[in-house]
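Structure record follows, encoded as structure tokens.
The values are calculated or read from the model by the stated rules, or taken from the named source; none is laboratory data. No experiment lies behind these values; they were computed from the predicted model shown. As a convention, Cβ positions derive from the backbone with ideal geometry for all residues, glycine included, and neighbour counts pool all protein chains shown.
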Amino acid sequence: MKNKFFFILYLFLTIFITQKLYAENLNIKSKKIQINEKTGITIFNENVEAFDENENYISGNYGEYNKKKEILSLAGKVKLKTKEGYQITTENILVDNLAGIIQSNEKSVLTDLEGNKIKVEMFRYNRDNNIFSSIGEITVNDKNGNKYKFSEIYVD
């Protein structure tokens, strides 16, 4: 009974601390920064770069960070490089720092380490388990010139 209590306490603290680390380990820099203390929103203009503790790198020209919700949104042309080396180009991206999710509802292109290109209508990247997923119209152009069509894809 005592071991079960300590296990549950350990599990609870691990989950709680992990979520806190996400909040503290998103580093954002930009040429111009404006902070609105009332709303808790920080606006980034020109050369916005964000890094997380998982070594994912995101860049764009405009971004907003909501401190209360711990959500970073980047507008315009955005590039994401995952820690595995995958590169994603898209318009408008949302980083939910608490949930560990990076997503876009815009057309995007994922390029893998071998040069294969995956074109999607939207994507969701879970940075905890490093899974890129998408549903909708998906086209894969491999490095050998072959073309494949899918309605759903998962890449890890």
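Got a sec? Which of N66, N47 is over 14 Å from the mean Cα position of the chain (by Cα), closer than 24 Å to L110 by Cα, at pLDDT 85 or above and not acidic (D, E)? Full working, then the answer.
Details: N66 fails: closer than 24 Å to L110 by Cα.
Answer to the selection: N47.
Please specify each residue of the stretch 111-156 satisfying the condition of being under 13 Å from the mean Cα position of the chain (by Cα), surrounded by 15 or more Cβ atoms within 10 Å (Cβ to Cβ) and closer than 14 Å to Y86 by Cβ. Full working, then the answer.
Here is the first cut: in the stretch 111-156, the residues under 13 Å from the mean Cα position of the chain (by Cα) are 122-133.
Keeping just the survivors that are surrounded by 15 or more Cβ atoms within 10 Å (Cβ to Cβ) gives 122-127, 130, 132-133.
If the condition is that a residue be under 13 Å from the mean Cα position of the chain (by Cα), surrounded by 15 or more Cβ atoms within 10 Å (Cβ to Cβ) and closer than 14 Å to Y86 by Cβ, then F123, R124, Y125, N126, R127, N130, F132, S133 are the ones that fit.
For residues that are outside any loop (DSSP other than H, G, I, E, B) and touching a Gly at 6+ places or on another chain (Cβ under 9 Å), scanning just the stretch 52-62, find the one that is surrounded by the most Cβ atoms within 10 Å (Cβ to Cβ). Explain how you work it out, then say what you get.
The first filter runs over the stretch 52-62 and keeps only residues outside any loop (DSSP other than H, G, I, E, B), leaving 57-62.
Subset that is touching a Gly at 6+ places or on another chain (Cβ under 9 Å): 60-62.
Working: G60: 24, N61: 16, Y62: 18.
Among residues in the stretch 52-62 that are outside any loop (DSSP other than H, G, I, E, B) and touching a Gly at 6+ places or on another chain (Cβ under 9 Å), the one surrounded by the most Cβ atoms within 10 Å (Cβ to Cβ) is G60.
Name the pairs: first residue in the stretch 83-95 and surrounded by 15 or more Cβ atoms within 10 Å (Cβ to Cβ), second residue of a type in the set (V, I, T) and part of a loop (DSSP other than H, G, I, E, B), Cβ to Cβ under 9 Å, at least 6 apart or on different chains?
Sorted first by the residue in the stretch 83-95, then by its partner, the pairs are I88/T82.
So, E49, is that one more than 17 Å from V155 (Cβ to Cβ) and in a loop (DSSP other than H, G, I, E, B) or not? I'd like the intermediate steps shown before the answer.
Values: more than 17 Å from V155 (Cβ to Cβ): yes; in a loop (DSSP other than H, G, I, E, B): no.
Taking the combined requirement at face value, the residue does not satisfy it.
Please give the number of the condition V109 fails out of (1) aliphatic (A, V, I, L, M); (2) free of Cβ contacts under 8 Å to residues at least 24 places away in the same chain; (3) farther than 19 Å from I138 by Cα.
(3)
Would you confirm whether any residue within the stretch 114-126 is β-branched (V, I, T), over 24 Å from L26 (Cα atoms) and modelled with pLDDT under 95?
If we filter the stretch 114-126 for residues that are β-branched (V, I, T), which is where we start, we get 118, 120.
Of the ones still in play, those that are also over 24 Å from L26 (Cα atoms) are 118, 120.
Add one more test, that the residue is modelled with pLDDT under 95, and what stays is none.
No, that holds for no residue.
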